[in-house]
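The values are calculated or read from the model by the stated rules, or taken from the named source; none is laboratory data. Values in this document were obtained by computation on a predicted structure and should not be read as measured data. Because the Cβ atoms are built from the backbone with ideal geometry, glycine has one as well, and the counts that use them run over all protein chains shown. What goes into the accessible areas is simple: the full protein's heavy atoms, side chains included, and nothing from ligands, DNA or RNA. Shrake-Rupley method; radii C 1.70, N 1.55, O 1.52, S 1.80 Å.
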Amino acid sequence: YKEVIMAPDVMEQVLTTTAETVLARRYYLKDDAGNSLEDWKALAHRVAEAVAPEDATGKNEVTGIKQLRDDFFTMIYQLDFLPNSPCLMNAGTEIGQLSACFVLPVEDSMDGIFTAIRNGALVHKTGGGTGYSFSRIRACNASVKSTHGVASGPLSFAAVFDAATETIKQGGKRRGANMGVLRVDHPDIMAFISAKEDQDKFNNFNFSVAITDLFMAALEADKEYDLIEPSTGEVMGQLNAVEVFAKIVDLAWHNGEPGVLFIDAANRDNTTPQLGDFEATNPCGEQWLLPYESCNLGSINLGNFVKNDEVDYSRLGQIVKTATCFLDNVIDCNVFPIPEIGEMTLKTRKIGLGIMGLHDLLIQLAIPYGSEEGRLLAAEVMQFIRDRCEEQSRKLAEEKGAFPAYDAEINLYPARRNAALTSIQPTGTVSMIADCASGCEPYFSIVMMKHVMDGDRLLMVNKHFEKIAREQGFYSDDLMVKVAESGTVVGHAEIPEKWQEAFRTAQDISPEDHIRMQAILQNSGVDSSISKTINLPKTATREDVKYSYISGYKLGCKGLTVYRDGSRDDQVLNTTEQS
Ligand code: ADP
């Protein structure tokens, strides 16, 4: 391996033990005996090297190839920005598939269904996650002309998708992840809603109901709405919206599924309606895509952008520019799993620039996550990122051309290089590498106690909490044990009120405040969508879940996932990675 020569102002990076463990297990390239061939520096170098050569055309005189590569290296190495896992794992390797998100169409025919399963398998093999809408598949018991029989319906086929995923273990690095979507006006909707009641079924899927505005209006008016057979467009019957919603709510209350996707809200923001409608998202819900589109994601670590008790906008702006160039370059050096995906992706050139470490930023400024001040700052930062990202994408359009599907007569926005720019991904793994709170989520715990050998206990204290507690003089092992045992920083007299507020965790923050944060981010600079969990206490009622979904819809969210504390034995998301 080549020696990496670092610019003199790049600081040597020390990763946490957790980060090193995760990297060694799944990200560093290995020799045949399983020994790591890389360290963090070599990995960052491999990724930068693989993604930068694209500019060798010489067209880009402003940045120049070498400069871009070094900037890419530095921002990854210093954990200011991390691309999604497939990019970190596959860049510069034979696989070469660098995107996390795919949506594949499922046509209403044997050929269509099994083509989708095959295509999904090829995507999973490379570490990508797939979203499918099953809404085009004719309902159970609808007639099948060619065989004079009856159809078995979307759910029976979804089981085959699930089994296929189970079989492919993605080279031992990631198990496959799928999103399954069914429109609320599909005749099989009731069976779909309760499909995951049996927790042994569809374990490789997240299920979400695509909710329409028409349905929400019927819900408000306590009315019936039409069920439509997709293969014929016929109205097959009606259901009462209140009853259907009650079923969704009941099951989500039980174990967090199904989630809801507000499909009309998403389609209102479709930047290329001339190419089709959104039907589904990727597995974690943050990226709406057209059939056969893929998207590569990357997240800026906001925890790294605090300077003199303020947001360091000047450096943040620089990183947004570099990150935008990086994600755009990825599209050109990407190896697409099937030609249809390559074709569609190159037409719209969507990227998903997101954030992680939002809570780290707020903590360093002593602003509570659940406060109006916290939301306003989060919105300001996200809007700043979106604006700078668009500025750069427009500049790239001038240099290299707008995304090919751009049509100034239909798309009433200035020409840019990428049809979508921002989304907030969960960063389940990359936030562990960067050692920050994931995505736009608050921390889940501040002090944890691990029981090690011989009855010894090991305290794991949040890095910010430890630093602040020591600086402010309220640190003691006894206090840390108390925080670990009670599971919260709230209510301990030793901790100043201000810090109790700043260190409230996901469970200490009210569901309303979770939703408000998601909504304000969605409305302030997020093009696609946001992966976020609305945490509810164990004691939350079905009414609370219902209220969450309705207020999320009213506030302009494009989807919502709730999780009631303790309701699921085995959380599907973010534990989808093999340990
Ligand atoms: P990471 O931190 O590993 O980059 P995220 O947790 O941010 O990944 O997830 C981003 C997206 O990556 C998800 O929405 C999904 O599309 C995809 N993804 C996540 N986990 C998996 C998995 N186990 N298999 C396939 N795709 C996945």
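Below is a table of values for the structure above.
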| read-out | value |
| --- | --- |
| Fully extended contour minus Cα-Cα distance, from T539 to A24, at 0.36 nm per residue | 181.4 nm |
| Set K247/K546; K30/K463; K41/K400; K463/K498 screened for pairs whose C-alpha atoms are more than 19 Å apart | K30/K463; K41/K400 |
| Ranked by how many other beta carbons lie within 10 Å on average, peptides 199-211, 8-20 from highest | 199-211, 8-20 |
| Projected label distance in nm at D264 and Q472, using a 7 Å step from Cα toward the beta-carbon | 4.7 |
| DSSP beta bridge pairing in the chain, given as percent antiparallel to the nearest 5 | 45 |
| Förster-model FRET efficiency, 41 Å R0, D9 and D332, C-beta, rounded to 0.05 | 0.90 |
| Per-peptide average of other Cβ atoms within 10 Å, ordering 377-386, 391-400, 444-453 highest first | 377-386, 391-400, 444-453 |
| W499, W253, reordered so the largest accessible area comes first (probe 1.4 Å) | W253, W499 |
| Distance in nm between pseudo-label sites at T93 and A221 (7 Å out along the Cβ direction from Cα) | 5.5 |
| Semi-axis lengths (Å, descending) of the ellipsoid that matches the C-alpha gyration tensor of segment 101-281 | 26, 19, 17 |
| Cα-derived Rg to Rh of the chain, Kirkwood definition | 0.96 |
| Rg(Cα)/(2.2 N^0.38 Å) for segment 447-502, N = residue count | 1.13 |
| Segment 101-281: antiparallel DSSP beta bridges as a percent of all, rounded to 5 | 30 |
| Accessible surface, the chain, averaged per residue in Å² (probe 1.4 Å) | 41 |
| Net charge of neighbours whose Cβ lies under 9 Å from the Cβ of S135, counting Lys and Arg as +1 and Asp and Glu as -1 | 0 |
| Extension reserve of the S510-E373 stretch, reckoned as 0.36 nm per residue once the Cα distance is removed | 47.8 nm |
| Pairwise label distance in nanometres, E107 with V144, each label 7 Å out on the Cα-Cβ vector | 1.7 |
| Förster-model FRET efficiency, 25 Å R0, D213 and D407, C-beta, rounded to 0.05 | 0.40 |
| For segment 185-192, Karplus couplings with θ = phi - 60° (6.51, -1.76, 1.60), whole Hz, Gly/Pro x | 9, 7, x, 8, 4, 5, 5, 5 |
| Accessible area of the chain belonging to carbon and sulfur atoms, whole % at 1.4 Å probe | 51 |
| Gained length - Y547 relative to D39, 0.36 nm times residue gap less alpha-carbon distance | 178.1 nm |
| Largest-first ordering by accessible area, 1.4 Å probe, given options L214, L290 | L214, L290 |
| Set of aspartates and glutamates with alpha-carbon distance to K223 below 15 Å, sequence-local pairs under 8 removed | D185, D213, E243 |
